[in-house]
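Quick notes on the structure that follows.
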Amino acid sequence: MTERETATWTRNWAARAMNRLLANGDSADPNGTGIGTSTSVVDCGVYAGGKRMPGDFAPDQALSEACSRDGAFVWLGLHEPDEAEMAAIAHTYGLHELAVEDAVKAEQRPKLEQFNDVHFLVLRTARYVPHQELTESSQVVETGQMMIFIGERFVITVRHGDASELAPVRADLEAQRAVLLEQGPWAVAYAVTDRVVDHYLEVADQVEADLDIIEEGVFSRDRIAPIQQVYQLKRELVEFRRAVVPLQRPLAAITSSQGVVPKEIRRYFRDVQDHLTRTVEQVSSYDDLLNSILQARLAQVTVDQNNDMRKIASWAAIATVWTAFAGVYGMNFDYMPETDWKYGYPALIAVLSLVTVVLYRALRRNGWL
């Protein structure tokens with residue numbers, strides 16, 4: 001598909017989406033811009049010279065203001081927009097249909113794609129879920145998604161889920177990192193990615209604490225960690241791994257790109273890549289350790305079952321002595337030894353008791369009881 005065909009396809013799709021939006025009447029738009037009062041817009045600011053311009057802007061007004069100033073750009077933050085709201089934003093900012101669909105559904109792996117002059121970066125966010133104790137149904141890691149549209153004059157962040165809120169990122173950039181903001185939209189993309197990866201590190205450290213508890217419970221004398229808890233933590237770790245590991249490729253593409261990402265910002269992204277590599281190594285080591293713990297717990301279960309069977313067999317052997325004597329003297333013979341003896345019954349009980357004690361001590365000495 002040529003560039004002209006792609007542009008025509010995007011305009012036609014945006015027009016159809018706007019028609020659906022206006023037909024539904026979900027957002028009133030007195031100015032006819034296509035963007036009314038959107039419930040998904042968290043913040044919309046225009047930045048020039050590393051500082052935020054005063055005033056409140058609608059998304060379409062913000063883009064017009066940014067285009068009228070040299071070096072200015074828009075940072076539009078959205079939280080779980082629906083299809084109609086995202087279609088209006090796409091119409092104004094010229095976003096591609098496929099990227100917009102991914103931003104609404106939020107079911108994508110971490111990736112970096114380019115649609116004309118707009119880059120589309122997908123991240124998976126992660127948050128540790130506090131719990132008093134780990135059970136077979138505990139949720140340990142909660143994941144969401146973060147999509148970033150990066151254009152020449154704008155950066156649009158679309159967040160799904162409660163993890164990695166961006167208000168602190170925006171406040172930090174505006175208050176302390178004006179020099180970084182001067183680098184443009186990619187500076188915001190770096191700050192958001194850095195925030196997401198920092199949360200990975202926090203989650204990894206807290207998962208390690210749960211792992212230590214599981215390990216202590218498995219190898220303690222009481223063995224208070226059942227196999228269901230080990231398996232549940234492993235499932236949660238798999239969910240966390242799906243968020244962390246695939247992000248390596250997009251970050252590698254960003255740090256190796258020439259001309260697209262400013263050189264200074266690539267240096268910052270390399271720092272994020274180092275943090276991500278550390279997290280990936282932690283997750284891999286946790287997975288290996290959990291596999292070892294799971295195998296050890298299964299071996300313990302097998303040993304416990306064998307011990308139980310040995311105890312059952314030992315008591316059955318002791319009971320067999322009594323059963324054998326009872327079977328012999330229960331026969332209907334006229335001439336049985338010692339049946340007419342006055343002390344025959346007490347003597348038999350004494351002999352059986354002595355044999356039982358000797359057999360019990362022998363089995364106990366050999367570790368069967």
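The values are calculated or read from the model by the stated rules, or taken from the named source; none is laboratory data. Keep in mind that this is a model prediction, so the values were computed, not measured. Ideal geometry is used to build each Cβ from the backbone, glycine not excepted, and the neighbour counts take in all protein chains shown. These accessible areas exclude ligands, DNA and RNA; they are computed on the full protein's heavy atoms, side chains included. Shrake-Rupley method; radii C 1.70, N 1.55, O 1.52, S 1.80 Å.
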For this session: Name the strands (runs of 3 or more DSSP E) wholly inside segment 49-138 in which the number of residues that are farther than 25 Å from residue 256 by Cα and open to solvent by less than 30 Å² (accessible area, probe 1.4 Å) is 1 or more.
Result: 73-79, 118-128
For this session: For segment 355-363, indicate whether the set of residues that are open to solvent by 100 Å² or more (accessible area, probe 1.4 Å) and within 30 Å of residue 305 (Cβ to Cβ) is non-empty.
Result: yes
Seminar exercise, completed: Just one listed residue, out of 178, 204, is within 27 Å of the chain's Cα centre (by Cα) and touching a residue at least 12 places away in the same chain (Cβ under 8 Å), and it is 204
Problem set entry | Criterion violated by residue 368 - all others in (1) assigned to a helix (DSSP H, G or I); (2) touching a helix residue (DSSP H, G or I) at 6+ places or on another chain (Cβ under 6 Å) satisfied | (1)
Problem set entry | segment 167-196 - residue that is of a type in the set (Lys, Arg) and open to solvent by 60 Å² or more (accessible area, probe 1.4 Å) and, of those, farthest from residue 147 (Cα to Cα) | 177
Problem set entry | Within segment 300-345, considering residues that are closer than 30 Å to residue 215 by Cα and among the polar types (S, T, N, Q), the one most open to solvent (accessible area, probe 1.4 Å) | 305
Problem set entry | Qualifying helices (runs of 4 or more DSSP H) (wholly inside segment 177-251; at least 1 residues being polar (S, T, N, Q)) | 185-219, 227-244
Problem set entry | Test: residue 278 is open to solvent by 50 Å² or more (accessible area, probe 1.4 Å), touching a Ser or Thr at 6+ places or on another chain (Cβ under 9 Å) and of a type in the set (D, E, K, R) | no
Seminar exercise, completed: For residue 157, the lone unmet condition from (1) within 21 Å of the chain's Cα centre (by Cα); (2) at pLDDT below 90 is (2)
Problem set entry | Filtered residue count, segment 133-185, keeping only those that are out of contact with any strand residue (DSSP E or B) (no Cβ under 8 Å at 6 or more places or on another chain) and more than 20 Å from residue 120 (Cα to Cα) | 17
Exercise. Can you name the residue in segment 240-269 that is among the charged types (D, E, K, R) and over 23 Å from the mean Cα position of the chain (by Cα) and, of all such residues, is surrounded by the most Cβ atoms within 10 Å (Cβ to Cβ)?
Worked result: 266
Exercise. Of the residues 46, 140, 74, which single one is in contact (Cβ under 8 Å) with a residue 24 or more places away in the chain, touching a Cys at 6+ places or on another chain (Cβ under 9 Å) and on the phi < 0 side of the Ramachandran plot?
Worked result: 74
Seminar exercise, completed: Picked from segment 254-285 (must be assigned to a helix (DSSP H, G or I) and touching a Lys or Arg at 6+ places or on another chain (Cβ under 9 Å)), the residue farthest from residue 197 (Cα to Cα) is 256
Problem set entry | Only listed residue being among the aromatic types (Phe, Trp, Tyr) and in contact (Cβ under 8 Å) with a residue 24 or more places away in the chain, chosen from 286, 329 | 286
